[in-house]
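These notes are about the structure you will find just below.
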Amino acid sequence: QVQLVESGGGLVQPGGSLILSCAASGMIFRAYDMGWYRQAPGKQRESVAVITNGGTTNYADSVKGRFTISRANAKNTVYLQMKSLKPEDTAVYYCNAKNTLSKNGYWGQGTQVTVSS
């Protein structure tokens, strides 16, 4: 079955950087669009960044210029490089995979990112 495992979260000071990774298994990775979403306490889950199977990227306005999504198809892994982190970036970050044909979607278990001094 499809499994997505996130890693790389943690506590970082404002202005700091983190790189999140999401390792996928049980799927043909190149057949999926991949995305990062986040959910802060008391808020709805929101899209942060998406990368299509063809490599096209899209970002939420709040992270443009600070976050970069990338994928390594040979490693079945998607990354989220986060720079200039702000306290409002604090959330649980989830990896998402969506099949480009069936539109079936899958979620990882999430990784906590906390930006605080």
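The values are calculated or read from the model by the stated rules, or taken from the named source; none is laboratory data. Predicted model, so just to flag it, every value in this text is computed and none were measured. Ideal geometry is used to build each Cβ from the backbone, glycine not excepted, and the neighbour counts take in all protein chains shown. Protein only, heavy atoms only, side chains kept; ligands, DNA and RNA dropped before computing areas. Shrake-Rupley method; radii C 1.70, N 1.55, O 1.52, S 1.80 Å.
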Rg and Dmax of the chain, using alpha carbons, in Å: what are they? 13.5, 44
Given unit charges at Cβ for Lys, Arg (+) and Asp, Glu (-), the dipole magnitude of the chain about its Cα centre in debye, nearest 20, is 160
Measure of size requested: the Rg and Dmax of the range 55-116, with Cα atoms as the atom set and Å as the unit; please supply both. 13.1, 41
³J(HN,Hα), Karplus 6.51/-1.76/1.60, whole Hz, each residue of the range 49-56, x for Gly, Pro: 7, 9, 10, 6, 5, x, x, 6
Among Tyr37, Thr56, Val78, which residue has its Cα positioned farthest towards the positive end of the charge dipole of the chain, with +1 placed on the Cβ of Lys and Arg, -1 on the Cβ of Asp and Glu, and the dipole taken about the Cα centre? Thr56
Taking only protein heavy atoms into account and a 1.4 Å probe, give the accessible area per residue of the chain in Å². 53
Each residue of the range 107-117 in order: what ³J(HN,Hα) in whole Hz does its phi give by Karplus 6.51 cos²θ - 1.76 cosθ + 1.60, θ = phi - 60°, with x for Gly and Pro? 10, x, 7, x, 9, 7, 10, 10, 10, 7, 8
Carbon and sulfur %, accessible surface of the chain computed with the full protein complex present, 1.4 Å: 47
Would you work out which of Val115, Ala24, Ser47 lies farthest towards the positive end of the dipole of the chain, given +1 charges on the beta-carbon of Lys and Arg and -1 on that of Asp and Glu, about the Cα centre? Ala24
Residue by residue through the range 79-84, the couplings from Karplus 6.51 cos²θ - 1.76 cosθ + 1.60 with θ = phi - 60°, in Hz, x for Gly and Pro, are 10, 9, 8, 10, 10, 6
At 20 °C and 1.002 mPa s, what whole-number value in µm²/s does Stokes-Einstein give for the translational diffusion of the range 1-41, with Rh from the Kirkwood sum over Cα pairs? 172
Cα-centred dipole magnitude for the range 47-91, charges only on beta-carbon of K, R (+1) and D, E (-1), debye, nearest 20: 180
For the chain, with +1 on Lys and Arg beta carbons and -1 on Asp and Glu, the positive-most of Ile69, Gln13, Val92 along the dipole: Ile69
